[in-house]
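Reading through the structure tokens given below for one structure.
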2 protein chains.
Amino acid sequence: MLTAQSLGHLRAMGIGARPNPPVALQRVHLATPSLQPAALAQLSGLVGEEGLSSDHADRVAHAAGRGYPDLVRLRSGEPDGAPDAIVRPSDHDQLRGVLELCAQHSIAVVPFGGGTSVVGGVAAVRGGHESVIALDMARLARLLDLDRTSLTATVQGGMRAPALERELQRHTLTLGHFPQSFEYVSVGGCVATRSAGQASSGYGAIAKMVLGLRVVAPAADIDLPPIPATAAGPGLRELLVGSEGALGVIEHVALRLRRAPAQSIYEAAFFADFAAGVQTLRSLAQRHALPDLARLSDRPETEVSLALAQSGSIAERVGRSYLGLRGYRHGCLAIFGFEGQRGEAAERHERARRLISEGGGLVVGRSPAQAWRRTRFTAPYLRDELLSNGIMVETLETAAQWSRLLDLHREVASAIDAALKGCGTPGVVMCHVSHLYETGASLYFTFIAQQLRGDELAQWQTVKRAASDAVVRGGGTITHHHAIGRDHAPWMEREVGDGGLRALRALKAELDPRGIMNPGKLAL
Amino acid sequence: MLTAQSLGHLRAMGIGARPNPPVALQRVHLATPSLQPAALAQLSGLVGEEGLSSDHADRVAHAAGRGYPDLVRLRSGEPDGAPDAIVRPSDHDQLRGVLELCAQHSIAVVPFGGGTSVVGGVAAVRGGHESVIALDMARLARLLDLDRTSLTATVQGGMRAPALERELQRHTLTLGHFPQSFEYVSVGGCVATRSAGQASSGYGAIAKMVLGLRVVAPAADIDLPPIPATAAGPGLRELLVGSEGALGVIEHVALRLRRAPAQSIYEAAFFADFAAGVQTLRSLAQRHALPDLARLSDRPETEVSLALAQSGSIAERVGRSYLGLRGYRHGCLAIFGFEGQRGEAAERHERARRLISEGGGLVVGRSPAQAWRRTRFTAPYLRDELLSNGIMVETLETAAQWSRLLDLHREVASAIDAALKGCGTPGVVMCHVSHLYETGASLYFTFIAQQLRGDELAQWQTVKRAASDAVVRGGGTITHHHAIGRDHAPWMEREVGDGGLRALRALKAELDPRGIMNPGKLAL
């Protein structure tokens, strides 16, 4: 996947490769499990032997998510803790029983779906507790109900996104939720982290899809049936979306579906500069012409995309010389997607295209966009390969009002760039705008640099802190769709204020009085 | 307004008129104000003399909202309590000071915007406290910021909707929020009650417009800046939307705007029956063809609309004979509205029209729809006139998934009908569908009957209880946009469960530990 040519490109940018392979699975070091025999026996009595595991491989697999520090630690064989056991309940009573038992025995509970958190959301933190388990939702993974009239599916939290899509496609339906972690992510995990799919501009982020849900907490169940909208008091559904396992576990959720698209039109365009592209995205969002997917790369990301394009299709089809002739040589690549019923998608595409042209966009056809679609879930694999070559690659994201977006882009990119230089590892910082709203959009940054061998975590910490400070200083949210987890917890108070934190902590005290649920996450 | 002809129509339906005029303002009976002189002096010190009032007319005006039982009581001169004083803070410090002072002196605080609650949301309930004040937001009523790039306005809670629209129209912008109470309602009141405007199908209910807000509670401020979306933990913004003054007061709110429509296309259509109309609304909602406004009257409401149409335009333009010829004599009237930029609104109208025709809708032109628009805020005035004629008119609403909608319509209508008959006052029960979502819609019931003279409140209570029980039994929410207030509080636990109520009560205990904020509302 990572070709000699790609590594050559990186070298040309000053980022050299040095082999840095991961240790073998059996060499990963874990502490001896600390669960008391009495607690183990009771857990086993609850969920059966098949629902309880503490073998080495299972513990390693549940030791961390897929954030950069997680990977650095795992690859070196020294994860930051691991669960003492993995517990897999298979019905409501087992789930409730496990939480009550854990509260009683002072066992921390880390809800675990696909394990794809990139912010330390599934780190096996025990807080002040004796032990910690991973509550793996793999056996609560069924489609419970499909209401084809109301386009609503009720799904257990542990169901993986691809399994749900397969079921839905048999009925010509889709959830339309395709985050980069799609191949592994669980539905409950998406809801717990306020995930946004790549086509969220049209389908909406997961928060817009939740019609009802049941959350099981140590001290109570909250059960909210599916309804399209209500004025019955504070928005409890929305409150539980984004609760990151720190208030309770999402047992099942009712989600809004769409009819599977009969037509998908994906198209690429170039803008002469980033500002012109941003202006056009805003115009699409504010003039009833929102594509289902829209992303605009800044100049560095456009350069790297063209240079690294594996299939070569973007680079081939959109010859630099052609763009140069048209004045777009240093331009910014945008990709737009329209999905829907035949005719309807085309109509929306037509309306959007007029605005794209008016905004100075040069439409360069469908192949570059198709190339992007083919590789839309591959970035995590590429990251693994870069890590094996001693190269750090990390992403972070935010969202802000349109009026702040260009400044925020510049400020955060500068902060990352300066921090990397400060570490003595200058790198490449790139960004795209995606997830459009009428009032603003998301910025998604990627940066690549040589690893500071032996000091990888400190290097990461330095850059992460600089970027996050720049984000909140510039009026952005600390996270648009990666969630808070452990990594963003230090910025949570800045995000919701002391009053907001107090409100959340009061909620947690009521639902989880012993504080066993996902300690150390969400700053709760 | 209420013509002899209209009263004749009602008589023909078995609903006779008997004059029942309200008592004069000065004859409304209020208890002597109970505020202690020390508290009064401190309040006056905080907000100034111009910010404090306890005169008779002011107290009567703040004694209740505009629900049916409120009006019955006020008109008889016996309101169910009244505030001991009306306090009007004019800045943040005054607002905070008033809440802290009231907490200290055990004075209940009822936040008051336009006073248009129809569910007892502003009833001057003191709970267990010594006294009760109305916290009138009239002096916190400015547009604080207008971000034309991000289409975002930051507005103080007390600003009235028409004042905001006037300001926005100078910039060719609109909030697009037009509830029936539009002429009086405050922006903070809309947010506190999860209001939905008549064109919410396109513009979204107020919950979709809130980007940030500041809520001032006795024990804390919660200040959430405007952002388009975030994954930073539980949805605190949504939690505060719908908090009905029971957690704190909305000092200001940042709201998403739209460009003012350059074109508005309002059109009426007839469906042969209610089911065909509902099926078509669902198809519009699920096929990317949602009108900004859509409402479909059932047969009784269609009959009454045609009979009572003040201008006569609906009846004139859509002659019964014409409809009869086409097989729609007993049909159901629908109104569709499309607002937007020139061309764009027309395109959406075209797409919707195809689906309306496919669904069996007979488009009867624009005049009936224009007639509806002209009188869209007049129902409350008509209600007053009916009350003066001894005729009860009341509305209630719900929302449910499409798969439940037809059954729910039948069940709730039957329950109201049976309850009215049980009171010995058979009436007319009618309904329309409005506020469309992809997964469901709202049902809005109106019923008219002769008042049970001397027993008006018991009569109302009987019907309200029967209807509400039918709503929740049938899978509807107890309220789609009227809020909980006092009248729906008995159904709140059924709506959010014991766990949901406990979560909300824990929040309240944190933010309002003395329980002074709007006692008796929201079941908190």
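The values are calculated or read from the model by the stated rules, or taken from the named source; none is laboratory data. This structure is a prediction, so every number in the text was calculated from the model and none was measured. All Cβ positions, glycine included, derive from the backbone under ideal geometry; neighbour counts span all protein chains shown. Areas reflect the complete protein model, heavy atoms only, side chains present, ligands, DNA and RNA absent. Shrake-Rupley method; radii C 1.70, N 1.55, O 1.52, S 1.80 Å.
If you average the C-alpha positions of the range A:1-33 and of the range B:321-356 separately, how far apart do those two centres end up, in angstrom? Measuring centre to centre over Cα atoms gives 62 Å.
Applying the Karplus relation 6.51 cos²θ - 1.76 cosθ + 1.60 with θ = phi - 60° to the range A:358-369 yields 3J(HN,Hα) values of 4, x, x, x, 9, 6, 10, x, 8, 5, x, 5 Hz, where x marks Gly and Pro.
Distances from A:ASP145 to itself in the other copies, using label points 7 Å out along the Cα-Cβ axis, amount to 4.3 nm in increasing order. DSSP assigns beta bridges within the protein assembly as shown; of those with both partners inside it, close to 85 percent run antiparallel.
For B:GLY127, the label point sits 7 Å beyond Cα toward Cβ; its separations from the matching points on the remaining copies run 2.8 nm, from shortest to longest.
For the range A:1-142, the fraction of alpha-carbon pairs lying more than 23 Å apart is 42 percent, rounded to a whole number. The figure for A:PHE112 is an accessible area of roughly 10 square angstrom, using a 1.4 Å probe on the protein chains alone. Mean sequence separation of contacting Cα pairs (under 8 Å, at least six apart), scaled by the length of the range B:378-524, corresponds to a relative contact order of 25 percent. Here the protein assembly as shown is described by how far its Cα atoms reach on the three principal axes: 94, 64, 58 Å, from widest to narrowest. Sorting A:190-202, B:75-87, B:42-54 by their mean Cβ neighbour count within 10 Å, with the most densely packed peptide first, gives A:190-202, B:75-87, B:42-54. Mean per-residue shielding of peptide B:208-219 is 2, counting Cβ atoms of other chains within 10 Å of each Cβ. When the surface is traced with a 1.4 Å probe over the full set of protein chains, B:MET137 keeps roughly 10 Å² accessible. Summarised in one figure, the compactness ratio Rg/Rh of chain B, Cα atoms and Kirkwood Rh, is 0.96.
Between A:VAL363 and A:PHE270, the built amide H atoms are under 5 Å apart, and every one of these is 5 or more places off in sequence or on another chain. For the range A:395-410, backbone phi angles converted through the Karplus equation (6.51, -1.76, 1.60; θ = phi - 60°) give residue-by-residue couplings of 10, 8, 8, 8, 8, 7, 5, 3, 5, 9, 5, 5, 4, 4, 4, 5 Hz, Gly and Pro being listed as x.
Distance between the C-alpha centres of the range A:70-121 and the range B:425-497: 45 Å, rounded to the whole angstrom. Taking the protein assembly as shown as the region of interest, the number of lysine pairs whose Cα atoms are within less than 28 Å, with members eight or more places apart or on different chains, is 20. With both residues required to sit in the range A:30-153, DSSP beta bridges show an antiparallel share near 30%.
Averaged over the residues of peptide A:502-514, the number of Cβ atoms from other protein chains lying within 10 Å of each residue's Cβ is 5.
Summarising the amide proton neighbourhood of B:ALA483: residues at separation of 5 or more, or on other chains, whose placed amide H is nearer than 5 Å comprise A:ALA231.
Derived scalar couplings between HN and Hα for the range A:198-206 equal 4, 9, 5, 4, x, 7, x, 5, 4 Hz in order, rounded to whole Hz, by the Karplus curve 6.51 cos²θ - 1.76 cosθ + 1.60 (θ = phi - 60°), x for Gly and Pro. Taking amide hydrogens as placed 1.01 Å from N in the peptide plane, the amide H of B:GLN341 sits under 5 Å from those of B:ALA262, each at least 5 positions away in sequence or on another chain. As a ratio to 2.2 N^0.38 Å, the alpha-carbon radius of gyration computed for the range A:353-486 takes the value 1.16.
Distance distribution P(r), the range B:71-157, all Cα-Cα pairs, bin width 10 angstrom from 0: 16, 39, 28, 13, 4, 0 percent.
For the rotational copy pair B/A, the chain B residue whose Cβ lies nearest the symmetry axis, together with its distance in Å, is B:GLU238, 2.
Peptide A:490-497 shows a mean partner chain C-beta count of 4 within 10 Å per residue C-beta. Relative to the other identical copies, A:ARG299 shows label-point distances of 7.0 nm, where the label point lies 7 Å from Cα along the Cβ direction and values run shortest first.
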